[in-house]
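Here the structure is laid out as structure tokens; the discussion comes afterwards.
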Amino acid sequence: MKADAGARAAWLVAALALTPVALFVYLGHFSRMMGDDWGHFATAQQLGGADYFQFWWAQRYSSYTYILLHKALAPMGPEIMPQVFPAAIIALWLLSLAWLIAAILRILQIERNRRPVSVALAALLLTATLNSLYTWESIYWYSASVRYALPVALFILYIAFAIDGASRGRTSSGTGAAALGGAVLCFLNAGFSEMQLIIQLVFLSCMLAGVFAFKGGRARGRMLAQIAAGWGGTVISLLLQLTSPAISTRMHDGSSLGERVPLRSLGTLIAETVETVVAYLGDAGTIAGFSLMLLLGLAMAQVMAQPQQRGKAEAKGLALAAFLALASALLALILPVAIGLYSIGIVYPRLMISSVFAQIIAGVVFGACVGCMIKSSFHNLDGAAVWYSPVTKIGAAVVACYTLAVVITQVSLIPDFSLYAREWDARHQRIIELRESGAKNIEVPPYTFDMTAFIAANKEPIRGSDAYFYGVETIVETRS
């Protein structure tokens with residue numbers, strides 16, 4: 001009976017943790033076409049598959065998966081995809097995280113309420129990440145979410161698949177099939193954006209080194225096969241993307257696209273990279289998310305870890321894991337900044353989603369490692385309880401307050417987001433009616449609330465791409 005009550009309580013906590021995630025999904029329902037979306041959908045409607053690919057491959061993107069997915073999804077409806085895609089990405093992200101956490105808990109032999117704990121922790125990690133994003137265009141702007149948010153979710157799925165499969169043990173044929181599947185997934189995932197390619201390549205290289213350092217026995221061989229295959233798929237993606245004419249176009253002609261001049265001087269690049277990284281590290285939202293996850297990891301370690309004395313090797317392992325978590329988060333921040341400044345001379349906040357997620361993960365890992373080290377310093381359960389009982393209660397209270405604050409903020413946005421969606425739909429219908437009546441130059445009223453401006457997406461459609469989409473000459477907002 002006591003175990004049943006504990007399981008019910010754990011699922012209740014998981015349900016409460018899912019509340020802000022559900023609200024993020026609901027807010028995404030109000031997203032509509034904006035910025036680059038017009039051009040992507042317009043060209044997808046006007047050009048055949050090969051012509052569409054060549055158009056973007058030659059002029060703008062080396063990211064082949066991004067181009068192909070836009071073309072594949074276009075027939076489902078440009079009026080529909082922007083509002084359903086946030087839900088699809090968030091759901092994939094949540095499921096991938098829950099699978100990864102469950103696999104890690106199983107490896108750590110933590111069986112009690114593993115499923116609800118995995119769901120709750122995944123929901124809290126996702127809430128902290130989405131709430132800490134430097135701009136919501138990363139998740140609510142269709143073009144940006146496909147390019148930057150979706151590959152993060154898929155990369156988590158790959159890591160969960162690799163860790164879970166390697167820990168369970170496969171036959172030789174099963175290991176080979178899994179490695180091939182991982183290579184294909186990493187190849188496709190690296191094709192969403194140049195930034196995802198670089199981050200994926202670096203982190204898979206680090207994971208290979210980590211497998212050599214920490215793993216032993218048959219699990220090492222299975223894990224090496226999986227990670228090496230993913231790394232190989234990523235390298236093939238790199239070689240393919242280097243053949244795209246868009247690479248030189250974007251790197252050498254960035255100023256013609258309204259972007260800054262690339263920073264090729266090493267001294268200038270280093271100085272501005274450091275300045276930008278420090279600015280991002282000072283972001284209040286990300287600091288709050290990192291601190292929350294650190295406290296959550298600390299509290300969970302007090303509840304779930306056994307109060308036992310650990311040897312020097314185990315203590316060093318925990319300290320190394322904590323250090324690697326922080327170092328990886330810093331690396332995930334430095335890489336996008338340095339690459340962005342070097343390639344086009346600017347760092348768009350929307351491409352920093354991997355960095356934010358890495359910082360949130362680093363918080364919970366660092367907190368858990370510190371919590372385990374503190375708990376292991378006690379010789380008996382009673383001594384440990386003096387420490388971990390208040391920490392657990394404080395941690396739970398802070399997490400609950402943070403989640404409640406996120407929910408209140410989200411609820412307050414619903415009226416404005418809903419108003420934008422209604423006005424967008426009315427404008428869309430009006431433009432179609434005017435076009436059908438023969439109008440070529442169309443005026444539309446401005447939005448009462450412009451969600452595009454609120455989430456910091458590109459406010460103006462690129463080079464009149466909205467007019468191209470509708471098949472008219474111009475679309476302009478009336479001046480008040």
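The values are calculated or read from the model by the stated rules, or taken from the named source; none is laboratory data. What you see is a predicted model, and the numbers here were worked out from it, not measured in a lab. Cβ: placed from backbone, ideal geometry, glycine included. Neighbour counts: every protein chain shown.
Show the residue pairs that are 6+ apart or on different chains and have beta-carbon atoms under 8 Å apart, the first residue being within the range 466-480 and in the same structural domain as P75 (by TED's automatic domain parsing) and part of a helix (DSSP H, G or I), the second being among the basic types (K, R) and surrounded by fewer than 18 Cβ atoms within 10 Å (Cβ to Cβ).
From the range 466-480, the pairs are Y470/R435.
Return a yes/no flag: does the range 126-133 have any residue that is surrounded by fewer than 24 Cβ atoms within 10 Å (Cβ to Cβ), under 19 Å from the mean Cα position of the chain (by Cα) and closer than 23 Å to G165 by Cα.
No, the conditions are met nowhere in the range 126-133.
Mind checking which residues of the range 458-473 are surrounded by fewer than 20 Cβ atoms within 10 Å (Cβ to Cβ), small (G, A, S) and at pLDDT 85 or above?
Hit for the range 458-473 is G471, nothing else.
Keeping to the range 57-75, report how many residues are more than 24 Å from the chain's Cα centre (by Cα) and closer than 23 Å to Y470 by Cα.
2
Within the range 426-453, how many residues are assigned to a helix (DSSP H, G or I) and free of Cβ contacts under 8 Å to residues at least 40 places away in the same chain?
So the answer is 10.
Being closer than 22 Å to V356 by Cα and modelled with pLDDT under 85: is that true of M207 here?
yes
Just checking, which of L150, L157, L197, L188 is farther than 26 Å from M300 by Cα and surrounded by fewer than 20 Cβ atoms within 10 Å (Cβ to Cβ)?
When all the criteria are applied, what remains is L188.
Any chance the range 293-303 includes a residue that's assigned by TED's automatic domain parsing to the domain that holds L150, assigned to a helix (DSSP H, G or I), surrounded by 14 or more Cβ atoms within 10 Å (Cβ to Cβ) and β-branched (V, I, T)?
Within the range 293-303, one or more residues are assigned by TED's automatic domain parsing to the domain that holds L150, assigned to a helix (DSSP H, G or I), surrounded by 14 or more Cβ atoms within 10 Å (Cβ to Cβ) and β-branched (V, I, T).
Tell me, which residue of the range 138-172 that is within 30 Å of R220 (Cβ to Cβ) and among the aromatic types (F, W, Y) is modelled with the lowest pLDDT?
Going through the range 138-172, the residues within 30 Å of R220 (Cβ to Cβ) turn out to be 151-172.
Going one step further and asking which of them are among the aromatic types (F, W, Y), we end up with 155, 158, 161.
Numbers: F155: 94, Y158: 92, F161: 88.
The extreme case among them is F161.
To keep it simple, each residue is scored yes or no on (1) at pLDDT 90 or above; (2) not assigned by TED's automatic domain parsing to the domain that holds L197.
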| site | (1), (2) |
| --- | --- |
| A213 | no, no |
| G217 | no, no |
| I227 | no, no |
| L239 | yes, no |
| R250 | no, yes |
| S255 | no, yes |
| E259 | no, yes |
| I270 | yes, yes |
| V274 | yes, yes |
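Just the residues that are at pLDDT 70 or above, more than 17 Å from M207 (Cβ to Cβ) and polar (S, T, N, Q), please, taken from the range 173-193.
Across the range 173-193, the qualifying residue is only S193.
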